[in-house]
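See below for the structure under consideration.
The values are calculated or read from the model by the stated rules, or taken from the named source; none is laboratory data. Since the model is a prediction, treat every value here as computed from it, not as a measurement. Every residue, glycine among them, receives a Cβ derived from its backbone with ideal geometry; neighbour counts consider all protein chains shown.
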Amino acid sequence: MKASKARVNAQIVQHLCPGGIETLVLDLMRHSKHKTLIFSLEGTREQAMEKWPVLKPFAERLVFLNKQPGFQPKLIKVLMRLFSWHKITSVHTHHIGPLLYGGLASRFSGIKSLIHTEHDAWHLADKKRRLLQKCLISYLKPLWVADAKAVAVKISDYLKTSDVKVITNGIDIDKFIPGDRQKARRQFKLPEKASLIGCAARLEPVKGQDVLIKALQCLPPSYHLAIAGDGSAKSALKHQVRQAGLGKRVHFLGVVDDMPSFYQALDVFCLPSRFEGMPLSPLEAQACNIPSVITNVGGSSEVVCRQSSVLVPPEKPFSIAEAILDLNVLSYRQTPRAFVQQQGNIKDTVLAYDQLASEPS
């Protein structure tokens, strides 16, 4: 009897910078029972390792293509050669750029298994992106996945299709666990007696940290805010903090490698995004048993324990402040961690994708 061919997965992302998609892809690689490589269209190994040291243990399974701005058709041939060299049997793309390059390279290489995941749908509001997406999906015919029901609904609205499967994101519940709050605060040099709100996200306007800073102004002086992450809005946010006289109450931590300890330091986690797909950070915080306040955008409602956390409308600082105060008096019918154990385990996500990858597309 002829032995079956070993499966080798390729996960393709635009870049490997700290973020939800990139964290998910790392977890898919770590937990899959099949050999998995990650291909980053942009950047170099040195740049990625410097910005995100958590990548270092996986260096041998990361491939960087250093793509330059604009359409680079030669990149398709480069990927085809790499797929052949690494004996890739299944390709999984994340967002439209990786779908364009990775999808075409996989089809030209004769790879039968092609999965494409959409992590949000608001970019499809742009007419050109919508047309490109339609053309690529029609030509490549991938197994098409949305990471949240809300994302699938939006895709269906924009592209008039119902051929989208939902596989929800998950996190490593063995890594994100409850811990010693005071020890964690000492680790990050955070005030040990304050009521501490935390936010972990890229410092970009879409993530809404400016709204959270406004919410802090509505809260008593005993409330402090710890912000993890980096991005283009960093200077503007620091200026906003100075102008509001909140310099002693807002703590910018930059990129944090030890995220479990960050969440363990908190009383409340808050993600005040203006747009989202299905965010991972609320799952991570809740797995550490931290109640959360999340704006009700994208798939956020699918990652919030309604018995211990709160959804609020976007762009409403007072609503955020009110929800944070209310969490202090809530009696939980279900712990945040119990919700994540049931609804957000990465092992369930990996199993669903591994099963899908075994189907030809």
*Could you identify the single residue in Ala59, Ala6 that is of a type in the set (A, V, I, L, M, F, W, C), outside any helix (DSSP H, G or I) and surrounded by fewer than 19 Cβ atoms within 10 Å (Cβ to Cβ)?*
Ala6
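Any residue at all in region 53-72 that is in contact with a Pro (Cβ under 6 Å, 6 or more places away or on another chain) and not assigned by TED's automatic domain parsing to the domain that holds Ser273? Show your work before the answer.
So the first thing to find is which residues in region 53-72 are in contact with a Pro (Cβ under 6 Å, 6 or more places away or on another chain), and the list is none.
No, every residue in region 53-72 fails to be in contact with a Pro (Cβ under 6 Å, 6 or more places away or on another chain) and not assigned by TED's automatic domain parsing to the domain that holds Ser273.
Residues being surrounded by 14 or more Cβ atoms within 10 Å (Cβ to Cβ) and touching a strand residue (DSSP E or B) at 6+ places or on another chain (Cβ under 6 Å): count how many of those fall in region 156-187. So that I can check it myself, show each step before the final result.
Within region 156-187, the subset surrounded by 14 or more Cβ atoms within 10 Å (Cβ to Cβ) is 156, 158-159, 161, 164, 166-173, 175-179, 181, 184-185, 187.
Pick out the ones that are also touching a strand residue (DSSP E or B) at 6+ places or on another chain (Cβ under 6 Å) and you get 164, 166-167, 170, 173.
Residues in region 156-187 being surrounded by 14 or more Cβ atoms within 10 Å (Cβ to Cβ) and touching a strand residue (DSSP E or B) at 6+ places or on another chain (Cβ under 6 Å): 5 in total.
Tell me, please, whether a residue that is in contact (Cβ under 8 Å) with a residue 40 or more places away in the chain and among the hydroxyl-bearing types (Ser, Thr, Tyr) can be found in region 200-222. Steps first, answer last, please.
We begin by selecting, within region 200-222, every residue in contact (Cβ under 8 Å) with a residue 40 or more places away in the chain; these are 200-202, 205-209, 211-212, 214-219.
Subset that is among the hydroxyl-bearing types (Ser, Thr, Tyr): none.
No, every residue in region 200-222 fails to be in contact (Cβ under 8 Å) with a residue 40 or more places away in the chain and among the hydroxyl-bearing types (Ser, Thr, Tyr).
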*From the residues in region 82-119 that are in contact with a strand residue (DSSP E or B) (Cβ under 7 Å, 6 or more places away or on another chain), touching a residue at least 60 places away in the same chain (Cβ under 8 Å) and more than 22 Å from Leu132 (Cβ to Cβ), which one is surrounded by the fewest Cβ atoms within 10 Å (Cβ to Cβ)?*
Lys87
*So which residues in region 120-150 are surrounded by 14 or more Cβ atoms within 10 Å (Cβ to Cβ), touching a His at 6+ places or on another chain (Cβ under 7 Å) and not in a strand (DSSP E or B)?*
Pro142, Asp147
*Positions within region 309-337 being assigned to a loop (DSSP other than H, G, I, E, B), among the hydroxyl-bearing types (Ser, Thr, Tyr) and at pLDDT 90 or above, in sequence order*: Ser309
*Would it be correct to say that Trp52 is closer than 29 Å to Asn345 by Cβ and of a type in the set (Phe, Trp, Tyr)?*
yes
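This table checks each residue for (1) in contact (Cβ under 8 Å) with a residue 24 or more places away in the chain; (2) under 27 Å from Lys154 (Cβ atoms); (3) touching a Pro at 6+ places or on another chain (Cβ under 7 Å).
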{"site": "Asp257", "(1), (2), (3)": "yes, no, yes"}
{"site": "Pro260", "(1), (2), (3)": "yes, no, no"}
{"site": "Tyr263", "(1), (2), (3)": "yes, no, no"}
{"site": "Arg274", "(1), (2), (3)": "yes, yes, yes"}
{"site": "Asn289", "(1), (2), (3)": "yes, no, yes"}
{"site": "Thr295", "(1), (2), (3)": "yes, yes, yes"}
{"site": "Ser300", "(1), (2), (3)": "yes, yes, yes"}
*What pairs can you find where one residue is in region 10-25 and farther than 19 Å from Met80 by Cα, the other is among the hydroxyl-bearing types (Ser, Thr, Tyr), and their Cβ atoms are less than 6 Å apart, with a gap of 6+ or different chains?*
Leu16/Ser40
*Could you grab me the full set of residues in region 56-71 that are modelled with pLDDT under 95 and either small (Gly, Ala, Ser) or within 24 Å of Leu100 (Cβ to Cβ) (or both)?*
Ala59, Gln68, Pro69, Gly70, Phe71
*So which residues in region 277-296 are of a type outside the set (Gly, Ala, Ser), within 17 Å of Ile320 (Cα to Cα) and surrounded by 24 or more Cβ atoms within 10 Å (Cβ to Cβ), if there are any at all?*
Pro282, Ile290, Pro291, Val293, Ile294, Thr295
